[in-house]
Amino acid sequence: MLTYFLFALGFVVLIKGADILVDGAAAIAKKFHISNLVIGLTIVAFGTSAPELAVNLFSSFQGNSDLALGNILGSNIVNMLLILGIAAIVYPLKVKTNTVWKEIPFSLLGAVLLLFIANDVFFDGALSSAITRTDGLALIGFFIIFLYYTFGSAKNTESLASDTIESRSTPVAIGMVVVGLIGLIFGGQWIVSGAVKIAELFGMSQSLIGLTVVAIGTSLPELATTVTASLKKQSDMAIGGVVGSNIFNIFWILGLSSIIRPLPVHAASNLDLSLGVVASLLLFVFLFIGKRHVLERWQGWLFVILYVCYIGFSVIT
């Protein structure tokens, strides 16, 4: 019973830790007058992706590779279809040209690249498929390029950090980051241990647990951040947080996880990999249908319906 209690408590500790981490990091960023978009693409994305990072690191070290891969694939699908869908329903999201032509295509590139490197059997004629350490190093390389571009673009951005970010002294902000990281460590460990036990108890695969329960749970920070930004009509923060989070998940978290321990990929994961590509492609295409560079409410509803159908199909199969 203690394992299951800690599993549930782990999400609370994990999400609160991420929240404190984001507040502290955003306060530091505000001192340097970093733009909303850059905060969303880097600091907020890193903070809201921290739960996935914590879960994946513990999963990789403990050899639960199915849970690690399922968590990232599920989180990215949740981000694109469920979270962006809900945010667009709350308030249509206007996307800047720079985001349409650079950040979103980079996220799409990540999804396509992941589909290729996870299918060694199909593309290379190998006996099995896996995201290897070499693949992980390549993903980290792309991540470094993304960071270089993002911080470079900060020099050309006029929008300054939002006044809604609370100013804090540097020691307090750093302390918040440390406390947040501690919450991530304990919460992540409890979630991984509980997820493995639940999978064993109900005869479910670790992959399914990762794609559903763990993915939704670790994506709650993205949901809270994105919907709040949408309510405040801060479309840059809403879109930037989700797109940045997906980029972080693939290039940074999955890259780091596969370097720690290569991640075997089963043929059944191709559905999830393909849906990740489709979701990113739909986001890009939708911005040219109807109101240009706006994700409208009806498109948000379509995203949410597609996600519900995907979850239903995954559980049934």
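Bear in mind these aren't lab numbers, they're just calculated from the coordinates by the rules spelled out. Quick caveat: nothing in here was measured; it's all calculated off a predicted structure. Please note: Cβ atoms are built from the backbone with ideal geometry, for glycine as well, and neighbour counts cover all protein chains shown.
A few points about this structure:
- Counting other Cβ atoms within 10 Å as a rough exposure proxy, the listed residues 201, 275 run 201, 275 from fewest neighbours to most.
- Sorted fewest first by neighbouring Cβ atoms within 10 angstrom, 307, 149 come out as 149, 307.
- Packing order of peptides 131-142, 246-257, highest average first: 246-257, 131-142 (average count of other Cβ atoms within 10 Å over each peptide's residues).
- For a straight C-alpha distance cut-off of 28 angstrom, the lysines reachable from residue 197 (same-chain residues fewer than eight places away being disregarded) are 16.
- Of the DSSP H helices in the chain, those that are both long (alpha-carbon extent of 24 Å or more along the helix axis) and hydrophobic (Kyte-Doolittle mean at least 1.0) are 2-31, 133-153, 170-202, 297-316.
- Only helices enter this figure: runs of n ≥ 4 DSSP H residues, each worth -39500 (n - 2.57), summed and divided by the residues of the chain, yield -22000 deg cm²/dmol at 222 nm to the nearest 500.
- Note on segment 2-316: Cα convex hull, mean projected area over all directions, 15.3 nm².
- Estimated FRET transfer efficiency when R0 is 51 angstrom, pair residue 98-residue 202 (beta carbons, to 0.05): 0.65
- Taking 14 Å as the cut-off, the amide N atoms of segment 68-98 that come nearer than this to a point 7 Å along the Cα-to-beta-carbon line of residue 260 belong to 68-72.
- Relative protection proxy for 111-124, 7-20, from highest mean packing down: 7-20, 111-124 (other beta-carbon atoms within 10 angstrom).
- Stretching the chain fully between residue 145 and residue 301 yields a gain of 52.8 nm (0.36 nm per residue, less the alpha carbon separation).
- Radius 14 Å from Cβ of residue 195, net charge of other residues (Lys, Arg +1; Asp, Glu -1): -2
- Residue order, fewest to most beta carbons within 10 Å, for 176, 80: 176, 80
- Put the Cα centre of segment 198-213 next to the Cα centre of segment 217-237 and the gap is 27 Å.
- Projected label points at residue 167 and residue 3, each 7 Å from Cα along the beta carbon direction, are separated by 5.1 nanometres.
- Whichever aspartates and glutamates have a C-alpha closer than 16 Å to that of residue 94, once near sequence neighbours (fewer than 8 apart) are set aside: 103, 236, 296
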